[in-house]
Amino acid sequence: MKTRNFVPKGAASFCVDYDGPPKDIHFLLLPKLTMLAFSSAVEPLRIANQVANKELYRWFLMSEDGEPVRCSNGIAIIPDTEIRNLPRSSLIFVCSGIEPTTSTSPKVLNWLSRQRAFGCRFGGICTGAFALAEAGLLRDREFTLHWENQPTFSECFHDLRPTTNLYEIDQDLMTCGGGNAAIDMMLEMIEIDHGKDLAVIVSDMCIHFRSNNREAPQKSAYSVALNSRNQHLINAMQYMHEAIEEPMEITEIAKRAQISRRQLERLFQIYVGISPVQFYVELRVARAQALLNETTMPIAEIAAATGFSSANRLSLRFKERYGKTPAAYRRSWTTQENR
């Protein structure tokens, strides 16, 4: 494998008190992998090295035969090597994308099983869980994959149940739903390895607002409603979006959506998994979070703008959702900007 520089030059810098060896990460590229998810996994590693000005991570690309692999967008990626035996405790991410049921071969599956027997750790990016499942690596584990492919996965593997979360870290197994969820997964790994401050800086360098919650759903509730094609549910959500500052009663929303409150509550439980009251509150809290990020409005004004009777009421709900009060949340961003 060719030696290359893993520490690019950059303007931003951050002192990381670490003098140990870099963590080596191997990406197995399968045909038609999703480039967005793959690059979202690699770039946080590159940025971590860049701002620390040292090799915290090294990354290597593999394909089944060492030949270039074409992504789902048609762009080909040149790997460093073909699949081969790796050192014990190596971290291997399987990168897949569209048509995941046809992207693996017996050779790849045998290799995955063999590396597991050697003691390697694994991860799946986007639909990489298909290959991991075929190799028998997901039994009794918490894992996830892209929401679009979960129905097919469940049909192929009746005894395995992926979560709908952005990403999962179950001991030595890391999986994510693809896209920007790969950034969040890598940021958590960076935080575990080198502390929260470095993870925050890497997130800022990516211009990425970190979810800080691996259990966040991959799809927005509104997206779920659109996919359900239930016009009553879609209309109800639209009414809620239009009435943030002066929230409407759920009974009135149901009336406008031409459905009973009981039926509306049933639709929310079936398609969204929460009550319409919970959804409405979370919608308003999310608006408050956006105002905290994007404006200098006093918290009392933000509370009024999002339909809360007082700053204290907003603070209670906000802390339930984001783990800190609006004031503490705003201070944390001010602190980051002043570093």
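Key figures
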item	result
Surface/4 estimate of mean projected area, convex hull on alpha-carbon atoms of the chain, nm²	19.1 nm²
For segment 271-329, the spread of Cα positions along each principal axis, largest first, Å	36, 20, 20
FRET efficiency, 1/(1 + (r/R0)^6) with R0 51 Å, evaluated for residue 246 and residue 75 via beta carbons	0.55
Distance-filtered residues of segment 12-53 - backbone nitrogen under 16 Å, label point 7 angstrom along residue 99 Cα→Cβ	30-35
The chain, helix-only ellipticity at 222 nm - DSSP H runs n ≥ 4, -39,500 (n - 2.57), divided by all residues, nearest 500	-14000 deg cm²/dmol
For the chain: lysine pairs under 28 Å (alpha-carbon distance), excluding those fewer than 8 apart on one chain	20
Counting DSSP beta bridges with both ends in the chain, the antiparallel % (nearest 5)	25 percent
Label-point separation, residue 5 to residue 258 (7 Å along Cα→Cβ), nm	6.6 nm
Simple spin-label estimate for residue 110 and residue 55 in nanometres, 7 Å along Cα-Cβ	3.3 nm
Tilt relative to the chain, helix 261-271 - C-alpha long axis, 0 to 90 degrees, to 10	10 degrees
Cβ crowding within 10 Å averaged over residues, with 76-82, 313-319, 185-191 ranked highest first	185-191, 313-319, 76-82
Ratio of Rg to Rh over segment 23-205 (Cα coordinates, Kirkwood Rh, two decimals)	0.94
Relative contact order computed over segment 221-337 (Cα-Cα under 8 Å; 6+ residues apart), in percent	20 percent
For residue 174, distant residues with modelled amide H under 5 Å away	122, 123, 124
Principal-axis tilt of helix 35-52 within the chain, Cα atoms, nearest 10 degrees	80 degrees
Folded to 0 to 90 degrees: helix 106-118 orientation relative to the chain principal axis, Cα	90 degrees
Burial order of peptide ranges 249-255, 158-164 (average beta-carbon count within 10 Å, highest first)	249-255, 158-164
Global geometry of segment 34-131, whether rounded, prolate or oblate, following the gyration tensor of its Cα atoms and the 1.5 cut on a/c	oblate
Highest to lowest packing among 167-174, 122-129, 320-327, scored as the average C-beta count within 10 Å	122-129, 167-174, 320-327
Shape box of segment 221-337 [Cα atoms, principal axes, largest first, Å]	46, 25, 20
Added length on full extension, which subtracts the Cα-Cα distance from 0.36 nm per residue, residue 117 to residue 192	24.5 nm
Cleavage-rule hits, trypsin sites (Lys or Arg not before Pro), segment 26-92, DSSP coil, Cβ neighbours within 10 Å at most 12	84, 88
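Every number in this text was worked out from the coordinates using simple rules, so none of it is lab data. Worth saying up front: this structure is predicted, and the values here are computed from it rather than measured. Don't worry about glycine lacking a Cβ; one is built from the backbone with ideal geometry, like all the others, and counts go over all protein chains shown.
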